[in-house]
Amino acid sequence: MVVHHSREDLATLQSEIVARLQQAGASVVGFADLSPLPERATGGLKSAISVGIALNPKVVAGLAAGPTTRYHAEYDRVNGALAQVTALAADMLRERRFVATRGPATVRTADGGRDTTPLPHKTVATRAGLGWIGHCALLVTPAFGPALRISSVLTDAPLTHAVPVERSRCGTCQRCVDACPAGAVRGRLWTAGIPRDQIYDAAACRKKASELAAAQGIEETICGICIFACPWTQRYLRRSGVAPRVSR
Ligand code: SF4
Ligand code: SF4
């Protein structure tokens, strides 16, 4: 059955989604136009909601030398919270008889790098206007730098979209290049569509992140050094009244 929604209904729905998601803990919410992307990536769905939840600044402040058990716990907490927030967004869309899905499954790259998917959440986030891809290959947002985790919900709802971000705002900054203990960050400015390999060595990152995490007894490939090093993160920490800690 085809259900028709007026422009006003859709605008109200989008406002409600933003309000409910923020109430449920979302730090940023945006709406992305997926129509220029290939169907194998989007499953033919033309819109997406991109959601981010900021990491606790007190935990991020301890990441100068690599992952901590507190970061591991925070990483899990935020992943759980994101699952709840995206489920809420999907429910709100389905209540209006729209299709809503988390998108194509994640696959491990053949080179053993960070997991990849035909439609990364960070690509959706840039198209939702939330930020750009930094030298470190993470989404960088003006409010939280890369110190947030993101997810997305794909839908056939004809939403009003943000203007996509298609260029890096890293400028001449090289802090994550200098900070990365794996030499994984190549220092090249991102533009939309550039292959990840050209800006970042995923295999080198995974290897180093696993080593650093294992040294702390953490069974997860997490690092956090480039998140900490970013000046946009440092701005978030200062705004939150948190002084960075250099040692663990
Ligand atoms: S997560 Fe760690 S190893 Fe990977 S790019 Fe960032 S600083 Fe380098
Ligand atoms: S540290 Fe600098 S180069 Fe790296 S992501 Fe942040 S702004 Fe970009």
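Laboratory data are not the source of any read-out in this text; all were calculated from the coordinates shown. In this text, all values refer to a predicted model and were calculated from it rather than measured experimentally. Using ideal geometry, Cβ is built from the backbone for each residue, glycine included, and neighbour counts are taken over all protein chains shown.
Worth pointing out:
- Cys residues of the chain counted as unpaired, since no other Cys beta-carbon is under 4.7 Å: Cys170, Cys173, Cys180, Cys205, Cys223, Cys230
- Charged neighbours of Arg77, selected by a Cβ distance under 12 Å, balance to 0 (K, R count +1; D, E count -1).
- GNM result for the chain, Cα springs below 10 Å: residue of Gln234, Gln23, Gln14 fluctuating most strongly: Gln23
- Think of each Lys and Arg Cβ as +1 and each Asp and Glu Cβ as -1; about the Cα centre, that makes the dipole of the range 87-227 roughly 260 debye.
- The range 11-44 residues near the modelled Glu95 label - backbone nitrogen below 20 Å, point 7 Å along Cα→Cβ: 11-27, 29-31
- Candidates Ile194, Ile218, Ile150: whichever shows maximal mean-square fluctuation once the chain is modelled as a Gaussian network with Cα springs under 10 Å: Ile194
- Furthest towards positive pole of dipole, Gly43, Pro158, Gly224, structure part the chain, Cβ charges: Gly224
- For the chain, with +1 on Lys and Arg beta carbons and -1 on Asp and Glu, the positive-most of Ala128, Thr69, Pro118 along the dipole: Thr69
- Annotation for Arg238 and Thr117: the two label points, set 7 Å from Cα along the Cα-Cβ direction, are 3.4 nm apart.
- Simple spin-label estimate for Gln23 and Asp76 gives 3.0 nm between the two label positions (7 Å along the Cα-to-Cβ direction from each Cα).
- Calculated diffusion of the range 7-239, Stokes-Einstein form, Kirkwood radius summed over Cα pairs, 20 °C and 1.002 mPa s, µm²/s: 119
- Derived scalar couplings between HN and Hα for the range 168-183 equal 5, 10, 5, x, 8, 4, 9, 4, 6, 5, 5, 7, 5, x, 9, x Hz in order, rounded to whole Hz, by the Karplus curve 6.51 cos²θ - 1.76 cosθ + 1.60 (θ = phi - 60°), x for Gly and Pro.
- Projected area averaged over orientations for the range 22-74, convex hull of C-alpha atoms, nm²: 5.8
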